[in-house]
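Values in this text are rule-based calculations from the coordinates and carry no lab data. Everything numeric in this text was worked out from a predicted model, so none of it was measured. A quick note on method: Cβ atoms are made from the backbone with ideal geometry, for glycine too, and the neighbour counts reach across all protein chains shown.
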Amino acid sequence: MDRSYKTIVVPVNGRELSEGIKFRVALIAHDAKKTDILAFASKNEEFLKKCDLIATKGTGHLINEKTGLEVKEMISGPEGGDLQIGGLVASEEVDLVIFLRDPLAKQPHDPDIAALMKVCDVHDIPLATNLSSAEILLRGIIEHQRKRNK
């Protein structure tokens, strides 16, 4: 396994966004953060349209319904959707995870959430757990692409 170091502006495993290759982004949000993920997706729709998007069921359904984005829906988080996305991270099928968590609410599937966060750390996949970190990660990727395309 290639364990070369990378920065937030270089996609995982050195995989550059070039013609025919899409950046793969997972979008997840707890119920209290659904409006935030929707606002984030709407604000960044132009860039996200160029990505392959996956999400847990509730988040994906909301984004599919309210934006022009096409999101592949997994099962809901409490039913194992976080673990499904974790499996995709482990098999190197996800480049970035944006998981807007509600840190003040106990979730019945907290062990699944912890497992997803752990697999992101183990596989060195960027993980944003709040809007500020999500914006910074996305801005870094967009800026990297602009520089490459000049």
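Among helices (runs of 4 or more DSSP H) lying entirely in the range 50-150, which contain 1 or more residues that are over 18 Å from residue 31 (Cα atoms) and touching a strand residue (DSSP E or B) at 6+ places or on another chain (Cβ under 8 Å)? Break it down stepwise before answering.
On the way: elements: 57-66, 81-90, 110-122, 131-148.
In the range 50-150, the matching helices (runs of 4 or more DSSP H) lie at 81-90, 110-122, 131-148.
Within the range 28-44, how many residues turn out to be of a type outside the set (A, V, I, L, M, F, W, C), assigned to a helix (DSSP H, G or I) and in contact (Cβ under 8 Å) with a residue 12 or more places away in the chain? Give the derivation first.
As a first pass, look at the range 28-44 and keep what is of a type outside the set (A, V, I, L, M, F, W, C): 30-31, 33-36, 42-44.
Still in the list and also assigned to a helix (DSSP H, G or I): 31, 33-36, 42-43.
Now drop any that are not in contact (Cβ under 8 Å) with a residue 12 or more places away in the chain, which leaves 31, 33-34, 36, 42.
Here the count works out to 5.
Residues checked against (1) out of contact with any Pro (no Cβ under 6 Å at 6 or more places or on another chain); (2) farther than 21 Å from residue 39 by Cα; (3) of a type outside the set (A, V, I, L, M, F, W, C):
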| site | (1), (2), (3) |
| --- | --- |
| 62 | yes, no, no |
| 76 | yes, no, yes |
| 84 | yes, yes, yes |
| 88 | yes, yes, no |
| 93 | yes, yes, yes |
| 102 | yes, no, yes |
| 110 | yes, yes, yes |
| 115 | yes, yes, no |
